[in-house]
Amino acid sequence: MDSPYINSSEDEIGVDRMYGYNLRNAWKPNPNGKISLRVGQVFESAEKGREILSKYEIQEGFELDKSKNDARRLTYKCKGDECTWRIHVSSLPDDVTFRIRSITGDHVNCRRVMNNNEATTNWVASMTSILIRDNPNVKAKVLQTYIKSTHGVEPSKHKIYRAKRKELKMLKSDHVDCYGQLRKYGNILLQMNLDSLVMVGIDTLCVTPKFQRFFLSFNAQLTGFIRGCKPFIGLDGCHLKGPYGGVLLSTIGLDSASGIFPIADCVVENECMESWSWFLERLHEGLDVLDQIDIFMSDQQKGVSAAIKQQWPRADSRYCARHILANLTK
Ligand SMILES: [Zn+2]
């Protein structure tokens, strides 16, 4: 078995050996996301070791007494009265990586802890992040039930509320950053991806410039549609979740094998004839074959039919059969 020790920090062969050992024994989660621990596994740092042990504690449903928790050693014992389970982790000679030295004892009569202190607000926020980002209005009760069913712990409602507030705040700041960089992103796209169509619409009636719309179609989408697609365009829109809302409008074509071919996307403030017209006008600028389009298909959304008629009075307009059926069965 490889020894993780080296004789001297100057010994390059020893350093290489330790590096190789760490690489082969680096801790990794199981494919199903579960944490399992064994002697010899290496954590990339003390911080990472603490994080994994905390998650393991929550996963296994017991609480750990951190009898040693410093820059060189982590020795944790189960708090169960009759329990003998303990784990010892210590630093390797590089003073950065940590290795599991021993795992001893067994859990004896240890009951699952439902309100584990390691299930902190940050932990709850990271575990429910996908649900909150997918639906910012998700109820605290739903998040609590999700955490209980997936991790076997039941954080208090207050902790759930705090975690949700924290995640929403982060989500909003992510959006602020992203929307703030749209113009820069658009300019870079125009420089790096020649002949693409990018447009950022600003609401000029506001005292300070305010984002209104964004249109994007890559050159490959435009030329791909012109060269290889049928004379057909499908239009659709969906509401955007998140702090700023808005609607995403998109168009698709059909390639020679009737596969879906995306042509352009657009973010607008709401769905109406004016916003659809703006989107279709931009599309017209990029596609000089638009006059040859025979059919536009949409789902009877607000304003889209009128906008198509306004831009292409001779084109045939159809409705998506699935949406008609859905509307009839509402
Ligand atoms: Zn135990």
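The values are calculated or read from the model by the stated rules, or taken from the named source; none is laboratory data. Values in this document were obtained by computation on a predicted structure and should not be read as measured data. Every residue, glycine among them, receives a Cβ derived from its backbone with ideal geometry; neighbour counts consider all protein chains shown.
General remarks:
- When T75 is tested against the conditions (1) in contact with a Phe, Trp or Tyr (Cβ under 9 Å, 6 or more places away or on another chain); (2) within 16 Å of the ligand (Cβ to nearest atom), the lone failure is (1).
- Pick from the stretch 55-72, criterion closer than 17 Å to N115 by Cβ and in a strand (DSSP E or B), ranking: farthest from the ligand (Cβ to nearest atom): D65
- Residue in the stretch 235-243 that is free of Cβ contacts under 8 Å to residues at least 60 places away in the same chain and among the acidic types (D, E) present: no
- When we screen L240, L248, L222 for residues that are in the same structural domain as Y319 (by TED's automatic domain parsing), aliphatic (A, V, I, L, M) and crowded, with 18+ Cβ neighbours inside 10 Å, the only hit is L222.
- Filter pass, S54 being among the small types (G, A, S), surrounded by fewer than 17 Cβ atoms within 10 Å (Cβ to Cβ) and either out of contact with any Leu (no Cβ under 7 Å at 6 or more places or on another chain) or modelled with pLDDT under 85 (or both): no
- Residues of the stretch 78-107 that turn out to be away from the ligand (no atom under 16 Å from the Cβ) and part of a loop (DSSP other than H, G, I, E, B), as a count: 6
- Some residue of the stretch 108-115 being on the phi > 0 side of the Ramachandran plot and either more than 16 Å from the ligand (Cβ to nearest atom) or in a loop (DSSP other than H, G, I, E, B) (or both): yes
- The residue of the stretch 141-190 that is farthest from G33 (Cα to Cα), among those that are of a type outside the set (K, R) and in contact with a strand residue (DSSP E or B) (Cβ under 6 Å, 6 or more places away or on another chain), is L190.
- Elements of type helices (runs of 4 or more DSSP H) in the stretch 174-292, at least 1 residues being more than 22 Å from V304 (Cβ to Cβ): 182-192, 219-228
- Candidates are the residues of the stretch 117-156 that are among the hydroxyl-bearing types (S, T, Y) and within 20 Å of the chain's Cα centre (by Cα); the one that is farthest from E57 (Cα to Cα) is S129.
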